Amino acid sequence: MKELVITDAAVSVGILILRLSVGATLIAHGYNHIWGGGKIQGTARWFQGLGLRPGVLHAWLASITELVCGALLVIGLLNPVGAAGCVGVMVVAWITNHRPNGFFIFRPGEGYEYVMNLAAAGLALGALGAGRYSADYLLDLHEDLAGSLGLAITAIAGVGGALVLLAVFWRPEPQEAKTS
């Protein structure tokens with residue numbers, strides 16, 4: 001049986017593809033929140049309706065986080081910070097909007113499969129590091145910002161930040177009890 005050898009260059013290409021995909025998705029999402037559809041005012045109303053108060057603050061926080069962290073992932077700079085932004089925004093979206101709708105995105109209200117996968121990709125990027133084809137590599141930060149430390153930064157800042165934000169600002173309207 002032949003031994004499988006995966007080179008550092010092949011891993012770095014895989015990481016680059018993942019960084020570009022997730023980063024570009026975040027940038028597009030942030031752009032759409034600010035300039036698409038109902039623009040930032042519509043995003044603010046939507047967030048307010050989800051219980052994120054004040055809605056305008058959270059619309060700007062989410063949108064700017066997506067733009068900045070998406071760009072960080074695309075260029076591979078401070079990779080765990082960009083990955084944490086992805087994880088944080090997706091965890092908040094998962095809990096406030098998508099969780100009650102089940103797994104599949106095509107269900108009414110949109111399920112959580114999309115945000116779950118982006119959050120998982122963010123955690124994976126935090127652990128893997130930015131790879132050889134990144135600004136972190138050029139600045140010789142790649143070894144310091146990968147592995148256990150990169151994952152810890154991503155998880156604590158991403159998941160922890162999302163949970164703190166929700167604890168402080170999420171005030172959803174109480175649901176009326178269903179009677180049988």
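The values are calculated or read from the model by the stated rules, or taken from the named source; none is laboratory data. Given the structure is predicted, the values throughout are model-derived calculations rather than measurements. All Cβ positions, glycine included, derive from the backbone under ideal geometry; neighbour counts span all protein chains shown. Remember, those area values only see protein heavy atoms, side chains included, never the ligands or the DNA or RNA. Shrake-Rupley method; radii C 1.70, N 1.55, O 1.52, S 1.80 Å.
Taking every alpha-carbon pair under 8 Å whose residues sit at least 6 apart, segment 38-119 reaches a relative contact order of 19 percent. So, in Å, what gap is there between the alpha-carbon centers of segment 59-93 and segment 142-161? Measuring centre to centre over Cα atoms gives 13 Å. Prolate is the label for segment 39-88. Its Cα gyration tensor axes, ordered a ≥ b ≥ c, give a/c of at least 1.5 and a/b above b/c. For G102, neighbours were defined as the other residues whose beta-carbon sits under 11 Å from its Cβ, and their charges (Lys and Arg +1, Asp and Glu -1) total 0.
Here the peptides 119-130, 5-16, 30-41, 143-154 are ranked by packing, the mean other Cβ count within 10 Å, and the order with the highest first is 119-130, 143-154, 30-41, 5-16. When each full DSSP H helix of the chain is screened for a Cα extent of at least 15 Å along its own axis and an average Kyte-Doolittle hydropathy of at least -1.0, the helices passing are 8-35, 39-50, 55-75, 79-93, 113-128. If you sort F169, F47 by accessible surface, 1.4 Å probe, largest first, the order is F169, F47.
You can think of it this way: the chain between A10 and I156 has 49.7 nm of extra reach, that is 0.36 nm per residue less the Cα-Cα gap. Of F47, V74, L163, which is farthest along the charge dipole of segment 11-168 in the positive direction, counting Lys and Arg as +1 and Asp and Glu as -1 at C-beta? Looking along the dipole axis, the top candidate is F47. Residue ranges 61-68, 82-89 sort as 82-89, 61-68 when ordered by packing (mean number of other C-beta atoms within 10 Å per residue, highest first). Under the convention that each Lys and Arg Cβ holds +1 and each Asp and Glu Cβ holds -1, the size of the dipole of the chain around its Cα centre is about 620 debye. Can you check what the net charge comes to around E113, using other residues whose Cβ is under 12 Å from the Cβ of E113 (Lys, Arg +1; Asp, Glu -1)? Spelling it out: positives minus negatives among the neighbours equals +1.
Taking only the C-alpha atoms of segment 1-41, Rg followed by Dmax gives 17.8, 61 Å.
List the relative contact order of the chain as a percent without decimals, with contacts defined as Cα pairs under 8 Å and 6+ residues apart.
Numbers: 301 pairs, mean separation 44.7, N = 180.
This gives 25 percent for the chain.
Over segment 126-168, Cα pairs under 8 Å with separation of 6+ residues give a relative contact order of 41 percent.
Can you work out the accessible area per residue across segment 130-176, with the rest of the protein chains kept in place, probe 1.4 Å, in square angstrom? Don't jump to the answer; show the numbers that get you there.
Details: 3080 Å² over 47 residues.
Here the per-residue accessible area is 65 Å².
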